[in-house]
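Report on the structure given below.
The values are calculated or read from the model by the stated rules, or taken from the named source; none is laboratory data. Given the structure is predicted, the values throughout are model-derived calculations rather than measurements. Cβ placement follows ideal geometry from the backbone for every residue including glycine, while neighbour counts extend to all protein chains displayed.
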Amino acid sequence: MPTTVSYPGIYIEEDASPSLSVSASATAVPIIAVNSWKSAAVKFNSYLEFISSIGSWGSGTTDMNLLSVRAYFESGGGPCYVVNYGNLATEVPKYSDITLIVAAGRDINSAVTALCTSGSGLFAIFDGPQAEITDGNAASNFPSTPHAAVYYPWLSVDWTTGGIPPSAVAAGLYCQSDRTRGVWKAPANISIAGNYKPLFKVSDDLQGQYNQGKAINMIRDLDGRGPVIWGARTLEDSDDWRYISVRRLFNSAERDIKNAMQPMVFEPNNSPTWEKVRSAVTNYLHSLWRQGALVGTTEKDAYFVAIGEGTSMTADDIAQGKMIVKVGMAAVRPAEFIILQFTQNVAAG
């Protein structure tokens with residue numbers, strides 16, 4: 001309550017209610033799956049830091065572990081984690097900043113199925129077949145999920161005779177695209193620098209076969225541009241989650257809003273608290289809209305935030321200490337919302 005001033009001097013007013021704002025966090029922090037690594041994940045900020053720390057591990061210019069990490073950084077990658085692929089399922093949950101899981105030539109299907117679930121904020125990048133695709137069955141071994149994408153073909157580069165997993169290059173380009181354009185922009189139609197070349201030529205017909213259903217995103221050598229990522233689809237061909245940029249934008253928003261709501265634990269589940277949450281989330285979505293992340297000529301077309309009894313919660317929800325906020329974002333077409341729902345356990349009001 002306001003301090004009553006009755007005499008000249010210094011007055012201290014304490015406000016115990018937590019302030020609330022939603023801040024954007026890093027959208028592209030990969031964990032790269034390798035072989036024969038120590039049990040715990042390790043974070044590196046550059047390829048030089050990685051090379052300086054590994055000693056004799058992964059020696060040789062054709063070692064796929066080294067090739068993958070180098071290709072990632074050369075393609076625009078920033079800070080990343082490296083982990084033994086067999087420990088993904090146990091190591092990833094320990095680090096809240098990880099957003100991408102990179103196969104780097106390893107079979108990570110089971111780990112991705114366990115980790116990349118609704119609300120996890122994680123997205124996986126798979127490698128297509130190392131051999132040339134000659135039929136329409138190359139995607140059959142991958143899970144049908146909106147939380148992952150596949151890239152093909154593998155690549156060559158002038159500093160090694162070993163094949164480069166396309167997931168490592170794609171992960172670097174995700175980082176580059178997020179930094180320069182935003183997570184809501186598709187990581188596609190981007191040229192690959194550094195003398196990387198696709199090992200196999202991709203025809204229009206092959207691209208067409210894999211641009212639907214469980215899609216495989218192709219890397220194509222286009223005249224005058226060199227190799228380019230030419231595809232932006234997830235492994236789920238649904239209206240809401242067909243595109244990588246939509247899924248990753250929602251992952252980012254889910255993570256940021258969820259983190260911001262943590263201070264609301266034990267706050268009264270009442271109108272002042274709801275208004276504080278509504279205002280913070282609205283400001284966050286307004287910023288996304290102004291940056292072009294959401295579609296719509298007006299804010300009403302682009303997003304909505306609903307919180308309160310009768311709109312997002314029942315009286316029973318409130319009595320049980322559940323604060324529920326519903327968020328809608330038009331990431332693809334105006335006035336067509338994909339709905340997120342957040343539930344925070346708070347003190348009963």
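At a glance:
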{"quantity": "Failed item, numbered, when I318 is tested on (1) part of a loop (DSSP other than H, G, I, E, B); (2) β-branched (V, I, T); (3) in contact (Cβ under 8 Å) with a residue 40 or more places away in the chain", "calculated": "(1)"}
{"quantity": "From the options E132, E49, residue that is within 25 Å of I192 (Cβ to Cβ), touching a residue at least 60 places away in the same chain (Cβ under 8 Å) and not aromatic (F, W, Y)", "calculated": "E132"}
{"quantity": "T234 being surrounded by 18 or more Cβ atoms within 10 Å (Cβ to Cβ) and in contact with an Asp or Glu (Cβ under 6 Å, 6 or more places away or on another chain)", "calculated": "no"}
{"quantity": "Residue, farthest from S75 (Cα to Cα), within region 43-55, restricted to residues that are of a type in the set (S, T, N, Q) and modelled with pLDDT of 95 or more", "calculated": "N45"}
{"quantity": "Identity of the residue in region 137-161, surrounded by fewer than 23 Cβ atoms within 10 Å (Cβ to Cβ), of a type in the set (G, A, S) and in contact with a Lys or Arg (Cβ under 9 Å, 6 or more places away or on another chain), that ends up nearest to K201 (Cα to Cα)", "calculated": "S156"}
{"quantity": "Members of region 200-225 found to be loosely packed, with under 14 Cβ neighbours inside 10 Å and either assigned to a helix (DSSP H, G or I) or among the aromatic types (F, W, Y) (or both), listed by number", "calculated": "D204, D205, G208"}
{"quantity": "Qualifying residue in region 322-333 (condition: closer than 30 Å to D204 by Cα, in contact (Cβ under 8 Å) with a residue 40 or more places away in the chain and in contact with a helix residue (DSSP H, G or I) (Cβ under 9 Å, 6 or more places away or on another chain))", "calculated": "yes"}
{"quantity": "A170 vs. criteria assigned to a helix (DSSP H, G or I), of a type in the set (G, A, S) and either in contact with a helix residue (DSSP H, G or I) (Cβ under 9 Å, 6 or more places away or on another chain) or within 24 Å of S191 (Cα to Cα) (or both)", "calculated": "yes"}
{"quantity": "Residue among G105, G119 that alone is at pLDDT 95 or above, at positive phi and assigned to a loop (DSSP other than H, G, I, E, B)", "calculated": "G105"}
{"quantity": "T273, sole failed condition from (1) part of a helix (DSSP H, G or I); (2) closer than 23 Å to A330 by Cα; (3) touching a residue at least 40 places away in the same chain (Cβ under 8 Å)", "calculated": "(2)"}
{"quantity": "Flag for R278 being surrounded by 16 or more Cβ atoms within 10 Å (Cβ to Cβ) and closer than 25 Å to S96 by Cα", "calculated": "yes"}
{"quantity": "Test: A40 is surrounded by fewer than 20 Cβ atoms within 10 Å (Cβ to Cβ), closer than 30 Å to P272 by Cα and at pLDDT below 95", "calculated": "no"}
{"quantity": "Checklist (1) β-branched (V, I, T); (2) in contact with a strand residue (DSSP E or B) (Cβ under 9 Å, 6 or more places away or on another chain); (3) in a loop (DSSP other than H, G, I, E, B) applied to V112, failing item", "calculated": "(3)"}
{"quantity": "The lone exception for T113 - which of (1) at pLDDT 95 or above; (2) under 13 Å from the mean Cα position of the chain (by Cα); (3) not aromatic (F, W, Y) it fails", "calculated": "(2)"}
{"quantity": "Single match in M218, M264 (criterion: closer than 30 Å to F200 by Cα and in contact with a Leu (Cβ under 8 Å, 6 or more places away or on another chain))", "calculated": "M218"}
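Let's see how each residue does on (1) within 27 Å of G121 (Cβ to Cβ); (2) out of contact with any Phe, Trp or Tyr (no Cβ under 8 Å at 6 or more places or on another chain):
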{"position": "T160", "(1), (2)": "no, yes"}
{"position": "P166", "(1), (2)": "yes, no"}
{"position": "V169", "(1), (2)": "yes, no"}
{"position": "S177", "(1), (2)": "yes, yes"}
{"position": "A193", "(1), (2)": "no, yes"}
{"position": "K197", "(1), (2)": "no, yes"}
{"position": "D205", "(1), (2)": "no, yes"}
{"position": "G208", "(1), (2)": "no, yes"}
{"position": "S245", "(1), (2)": "yes, no"}
